[in-house]
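The values are calculated or read from the model by the stated rules, or taken from the named source; none is laboratory data. Source: prediction; values computed, not measured. All Cβ positions, glycine included, derive from the backbone under ideal geometry; neighbour counts span all protein chains shown. Side chains are part of the model used for accessible areas, which takes the heavy atoms of the whole protein and leaves out ligands, DNA and RNA. Shrake-Rupley method; radii C 1.70, N 1.55, O 1.52, S 1.80 Å.
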Amino acid sequence: MLGKTLGTLAAGALMLGGAQLYTAQNKVPEDPREKLAKCLSRRGFTLYGTSWCGWCQKQLDMFGDAQKLVPYRDCTGPDGKGWDPECRRLGIQVVPSWTTGDGRVLAGTQSLHDLAYLSKCAVEDPK
């Protein structure tokens with residue numbers, strides 16, 4: 001009986017080991033947009049927008065499911081319109097705008113390709 005139990009446990013362990021090996025070898029590659037969003041964050045890039053800006057939402061939508069990883073600051077004023085004073089202090093005059101790690105402001109919607117280039121993020125074809 002003990003031999004049978006040990007044999008069953010050993011077979012189960014081999015199956016689990018094989019399953020782990022299989023999933024490690026067939027891992028789904030990370031979405032290039034997710035890689036870019038993470039890299040932009042590490043490089044100090046921030047997207048500035050407002051709650052009422054359709055182009056800001058389109059900029060975020062370019063990142064697909066990775067948009068939650070994009071460093072984002074809402075510049076909507078305290079009254080729900082106008083500009084947040086901190087955004088003005090940073091030189092944000094239009095939205096969407098990006099700030100770079102070295103303090104430059106990039107006004108307007110940026111393509112993912114341009115963001116990858118400007119940030120020097122090595123991302124394959126972020127589209």
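Which pairs have Cβ atoms under 8 Å, sit 6 or more apart or on different chains, and link a residue in the stretch 94-121 that is among the charged types (D, E, K, R) to one that is open to solvent by 30 Å² or more (accessible area, probe 1.4 Å)? The qualifying pairs are D102/G44; K120/R43. Filtering the stretch 45-88 to residues that are among the hydrophobic types (A, V, I, L, M, F, W, C) and in a helix (DSSP H, G or I) leaves W55, C56, L60, A66, L69, C87. Selection over the stretch 95-104 of residues that are at pLDDT 95 or above and of a type outside the set (S, T, N, Q) gives a count of 3.
Residue-wise test of (1) of a type in the set (F, W, Y); (2) free of Cβ contacts under 8 Å to residues at least 40 places away in the same chain; (3) open to solvent by less than 50 Å² (accessible area, probe 1.4 Å).
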residue: K35; (1), (2), (3): no, no, no
residue: C39; (1), (2), (3): no, no, yes
residue: T46; (1), (2), (3): no, no, yes
residue: G49; (1), (2), (3): no, no, yes
residue: C56; (1), (2), (3): no, no, yes
residue: D61; (1), (2), (3): no, yes, no
residue: K68; (1), (2), (3): no, yes, no
residue: G77; (1), (2), (3): no, yes, yes
residue: R88; (1), (2), (3): no, yes, no
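Candidates S111, S119: the one that is surrounded by fewer than 17 Cβ atoms within 10 Å (Cβ to Cβ) and at pLDDT 95 or above is S111.
Taking the stated definitions as given, is C75 modelled with pLDDT of 95 or more, on the phi < 0 side of the Ramachandran plot, under 23 Å from the mean Cα position of the chain (by Cα) and hydrophobic (A, V, I, L, M, F, W, C)? Yes, satisfied.
Pull up the stretch 91-108, narrow it to residues that are surrounded by fewer than 16 Cβ atoms within 10 Å (Cβ to Cβ) and in a loop (DSSP other than H, G, I, E, B), then point me to the one that is nearest to the chain's Cα centre (by Cα). In this case the residue turns out to be G101.
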